[in-house]
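What follows is a single structure, written as structure tokens, with notes after it.
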Amino acid sequence: MQRVIIYIVLSTIGICLQAQTNIDFSPKMLSADLSQFNKASANLEILEIEPALEPEVRSGKFYIVGNSTPGQICKYVYVGRVNTCRAGGCSKPQDTVSDRESEFFDYYILFDQGLNVQHVRIYNYQATHGQEVTAKNWLKQFKGYNGSKDLVVNKNVDAISGATISVYAIVMDINQKTSLLKEILK
């Protein structure tokens, strides 16, 4: 009987760890936001951008969103995952934290034609602390960001008490992904 219980527990843990590694690249929220921001475009086409800088985008994907009129791009989208440290702090630099040593959240960024952030939304928050970063009012501060200056917590991005790790993680990721999109489209 003990063996059966141990097997069930280990199987459940394995399934949870496997589910953690899969990112939903087409969340329902994204479809709703795209239709809201592109009311004039009835026939949207979404094409994945295949960057030559693949190792840098391993936790997400970039897309071009346009309508059926050739040559008209409505916006760009990044859908990806941010790994954060477990509550209590990091023992490794952020770049070397593996999926199994971290908590995460999935989010997307909508960019306009000029590569300015239009909208940021967190749609899958799996970390145990810091859910405050999912608030729409807090995420609105990224609107208009174009990468000309780095986003800095407590300078041009509001900090959130109790969500320090998540705030720093998403700010760093938005900085990186905005710069990376500009680099890809050069």
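The values are calculated or read from the model by the stated rules, or taken from the named source; none is laboratory data. This one's a predicted model, so the numbers in the text were calculated from it and none came from an experiment. All Cβ positions, glycine included, derive from the backbone under ideal geometry; neighbour counts span all protein chains shown.
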Practice problem: Go through the residues of the range 80-87 one by one and say whether even a single one is on the phi > 0 side of the Ramachandran plot, small (G, A, S) and at pLDDT 90 or above. | Solution: no
Practice problem: Could you list, in sequence order, all residues of the range 122-153 that are more than 27 Å from E183 (Cβ to Cβ), free of Cβ contacts under 8 Å to residues at least 40 places away in the same chain and assigned to a loop (DSSP other than H, G, I, E, B)? | Solution: A135
Quiz prompt | the range 105-141 - residue that is of a type in the set (D, E) and closer than 27 Å to I49 by Cβ and, of those, surrounded by the fewest Cβ atoms within 10 Å (Cβ to Cβ) | solution = D112
Quiz item: For the range 154-177, how many residues meet the condition of being under 21 Å from S59 (Cβ atoms) and assigned to a loop (DSSP other than H, G, I, E, B)?
Solution: 1
Quiz item: What is the residue count in the range 20-66 for residues that are part of a loop (DSSP other than H, G, I, E, B), surrounded by 15 or more Cβ atoms within 10 Å (Cβ to Cβ) and modelled with pLDDT of 65 or more?
Solution: 4
Quiz item: When you scan the range 145-186, how many residues do you find that are under 18 Å from V79 (Cα atoms) and of a type in the set (G, A, S)?
Solution: 4
Practice problem: State all residues of the range 126-144 that are under 14 Å from the mean Cα position of the chain (by Cα) and at pLDDT 90 or above; if no residue qualifies, say none. | Solution: V133, T134, L139, F142
Quiz item: Of the residues that sit in the range 150-167 and are touching a helix residue (DSSP H, G or I) at 6+ places or on another chain (Cβ under 8 Å) and within 19 Å of R81 (Cβ to Cβ), which one is surrounded by the fewest Cβ atoms within 10 Å (Cβ to Cβ)?
Solution: L151
